[in-house]
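First comes the structure, then the notes that go with it.
The values are calculated or read from the model by the stated rules, or taken from the named source; none is laboratory data. It should be emphasised that the depicted structure is a prediction, and the values quoted were computed from it without experimental measurement. All Cβ positions, glycine included, derive from the backbone under ideal geometry; neighbour counts span all protein chains shown.
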Amino acid sequence: MSKISKIFNYKILFILFSISLLIGQEPKPIKAGIAPSNYDYQGDLDALHYSIEIGLGEKTNFIEAKVAIKLVSKKDNPNLRLDFTGLKIESFYVNDIVSSYSYDKGIIDKNLNGYNYGDSLIIKVHYSGKADDGLIIGNNVHGNRTIFVDNWPNRTRFWLPSIDHPSDKATVTYKIHAPKKWKVIANGYSWGKPTKTINNAIGPKEDRLTWSWKVNVPIPTYNMVVGAADLEIRTVGLAACGNAPASMREDGCIEVTYWVYPEDIENAKKSFKRADKMVDYFTNLIGPFPYEKLANVQTSTRFGGMENASAIFYSEKGIADGRNIEGTVSHEIAHQWFGDAVTEENWHHLWLSEGFATYFGALFFENADGKESFDKKMKSSLNRVINSKVSNRPIIDYEQKDLFKLLNSNNYPKGGWVLHMLRGYLGDKIFFEGIREYYKTYIHKSVLTEQFQRIMEDVSGESLDWFFEQWIFKPGYPRFLYEEDWEIKSGSKETLNIKITQVQKKEWPIFEIPTEICWYNDCREINLGKNVNTFKFDFDKKPLVKGTIDPKGWVLKEIVN
């Protein structure tokens, strides 16, 4: 072989070696929390089930996993688009046949010519690497190693190939290989006792056990979680007995537990002591508990609480610091019905999750601790809305492209107040009948605000366009300037002239507000639907106090001097 040929061959080998290194590297991840384009989710395929196997280790950030996704085609010649980013794909199969694919910018793309509407297929992906987000590996507040999934809003794609969109729900099975001394939590119910991990199982080669969990009802991908750590488990009690259709227990109940770090067992008691009573309250008020169990877990989630179906994750620091986070617990448990079982069809309708959890979470305390406790929470929510930095934006804000910024006072306290006002307008009987019908109709499905409105209209028998338009699709809230002027008359009657002006920002709507003005127990019904509203009322005797607009506190408003 000539010298030139040798040099040429060495160059070829070097190029091939370089290419192999590039192929073996993990691709750079995309940015989390960016609202997708309409093209990203064309709906060609519907995910029905995820079968997940994942290998975890205590001494490494490296993971290895396999997923088999059962899908059904919703059109002829569909295009597969799976969300996935930052991890290396080892192999890719379509119905057990090795297949080509493209993997770029957070998408696994594959044209499935030859498949027709209604056809089912299974995609298998084997992958490995270090997750850049979504699967959080590190030391907890006590310096001990933990691994927890933290998905919202669209971070499932950082550890699991999926249709990572709240509208696409699926059932799940998990096989999790984790260090022997840890306990492993996931959605659903524990499918047999943990067994010793076989030698050739995927993932780091440590002394491990294999845990199996199964979810029999469909959940959104942002709810699909696993957690592995040194945890102590405590049972609070049984709940929803006879009213939990997904329960795998012979008695038909669901077990309510909390899983916390050993150092925080005592600190956790006060936060979770009424968790079973919360489940029973919401079950009786709304409808059947939708899942197989309810575990409350101390974790590394970035949020105060994350409502993962049947396995709620809480911020580790609050519990470790000894704070009573019962308000968060009630909020997250309410999410099991609203957000998890009935899920917003896209992120911009988040109030259907967070507004509902805020309001129903507060309702538990009205029932358990009295109206004063509830009023205090509603007053706090009112102040958050009045002092909000997003008052100039509507609750449903399609212009907001950063999904993390949807976690704001519009979707939480203002969304809660929308429900409170609707309750005040319709009355308890019709309001809660509508809520129960809404839950019954859309359990394990995804919804938009218009569908919730339609249910409430059907139950109440009246149009609510005016209500939802001003409160959900327009910004702001009413600010009232209230003025009284007594008109002295001869005889036994005295007349009060009232002027109520809506003085909110010009960019905000003029609100239509059916309400009342009261002087002690003397109340007069009014409707505030104009910029300037005037009324005349006759009195036998001039009241000693000035009138109060909406004294029972049903309206989100600010009174100005």
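Structure above, values below:
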item	result
First in region 87-104 and within 21 Å of Gly129 (Cα to Cα), second anywhere and part of a loop (DSSP other than H, G, I, E, B) and among the polar types (S, T, N, Q), Cβ under 9 Å, 6 or more apart	Lys88/Gln25; Phe92/Ser99; Phe92/Ser100; Tyr93/Ser99
Selected residue [in contact with an Asp or Glu (Cβ under 6 Å, 6 or more places away or on another chain) and either surrounded by fewer than 23 Cβ atoms within 10 Å (Cβ to Cβ) or among the charged types (D, E, K, R) (or both)] from Lys175, Lys205, Lys181	Lys175
Boolean, Ser271 is more than 29 Å from Thr449 (Cβ to Cβ), assigned to a helix (DSSP H, G or I) and of a type in the set (Ser, Thr, Tyr)	yes
Test: residue in region 467-480 that is in contact with a strand residue (DSSP E or B) (Cβ under 6 Å, 6 or more places away or on another chain), closer than 26 Å to Glu525 by Cα and not basic (Lys, Arg)	yes
Matching residues, region 295-323, being out of contact with any Gly (no Cβ under 6 Å at 6 or more places or on another chain), of a type outside the set (S, T, N, Q), within 26 Å of Ala246 (Cβ to Cβ) and assigned to a loop (DSSP other than H, G, I, E, B)	Phe303, Ala309
Residue among Ile386, Ile435, Ile430 that is in contact with a strand residue (DSSP E or B) (Cβ under 6 Å, 6 or more places away or on another chain) and farther than 24 Å from Thr221 by Cβ	Ile386
Boolean, Thr257 is closer than 29 Å to Asn154 by Cα and either among the acidic types (Asp, Glu) or at pLDDT 95 or above (or both)	yes
Members of region 39-84 that are within 18 Å of Trp213 (Cα to Cα) and small (Gly, Ala, Ser)	Ser51, Gly55, Ala65, Ala68
Matching residues in region 324-370 - criterion: being under 19 Å from Asn296 (Cβ atoms) and in a strand (DSSP E or B)	Phe338
Residue match in region 300-310 (condition: in contact with a helix residue (DSSP H, G or I) (Cβ under 7 Å, 6 or more places away or on another chain), within 28 Å of Lys557 (Cβ to Cβ) and among the acidic types (Asp, Glu))	no
Evaluation of Ala178 against (1) farther than 28 Å from Thr283 by Cβ; (2) without any contact (Cβ under 8 Å) to a residue 60 or more places away in the chain; (3) in a strand (DSSP E or B) (one fails), failing number	(2)
Residue that is surrounded by the most Cβ atoms within 10 Å (Cβ to Cβ) [pool: residues in region 246-272 that are over 22 Å from the mean Cα position of the chain (by Cα) and farther than 22 Å from Lys183 by Cα]	Cys253
The lone exception for Lys3 - which of (1) among the charged types (D, E, K, R); (2) surrounded by 12 or more Cβ atoms within 10 Å (Cβ to Cβ); (3) at pLDDT below 80 it fails	(2)
Conditions (1) without any contact (Cβ under 8 Å) to a residue 24 or more places away in the chain; (2) closer than 19 Å to Gly476 by Cα; number of the one not met by Glu525	(2)
Residues of region 466-514 that turn out to be surrounded by 13 or more Cβ atoms within 10 Å (Cβ to Cβ) and of a type in the set (Gly, Ala, Ser), as a count	1
Count of residues meeting criterion [surrounded by 23 or more Cβ atoms within 10 Å (Cβ to Cβ) and not in a strand (DSSP E or B)] in region 139-164	13
Long-range neighbours under 6 Å by Cβ, at least six apart or interchain, first residue on the phi < 0 side of the Ramachandran plot and of a type in the set (Phe, Trp, Tyr) within region 191-219, second at pLDDT 95 or above and not in a strand (DSSP E or B)	Trp211/Pro194; Trp213/Gly188
Among the candidates Val390, Val385, residue that is crowded, with 20+ Cβ neighbours inside 10 Å and touching a helix residue (DSSP H, G or I) at 6+ places or on another chain (Cβ under 6 Å)	Val385
Any strands (runs of 3 or more DSSP E) falling wholly within region 21-121 and containing at least 2 residues that are closer than 30 Å to Pro179 by Cβ	45-55, 63-73, 79-83, 88-94
Count of region 306-346 residues which are surrounded by fewer than 23 Cβ atoms within 10 Å (Cβ to Cβ) and small (Gly, Ala, Ser)	5
Enumeration of residues in region 508-559 that are modelled with pLDDT of 95 or more and among the β-branched types (Val, Ile, Thr)	Ile510, Ile513, Thr515, Ile517, Ile526, Val532, Thr534, Thr548, Ile549, Val555, Ile559
Single condition Glu483 does not satisfy, out of (1) more than 35 Å from the chain's Cα centre (by Cα); (2) closer than 30 Å to Asn387 by Cα; (3) in contact (Cβ under 8 Å) with a residue 40 or more places away in the chain	(3)
Exclusive hit being farther than 22 Å from Pro218 by Cβ, touching a residue at least 12 places away in the same chain (Cβ under 8 Å) and in contact with a strand residue (DSSP E or B) (Cβ under 6 Å, 6 or more places away or on another chain), set Gly322, Gly304	Gly304
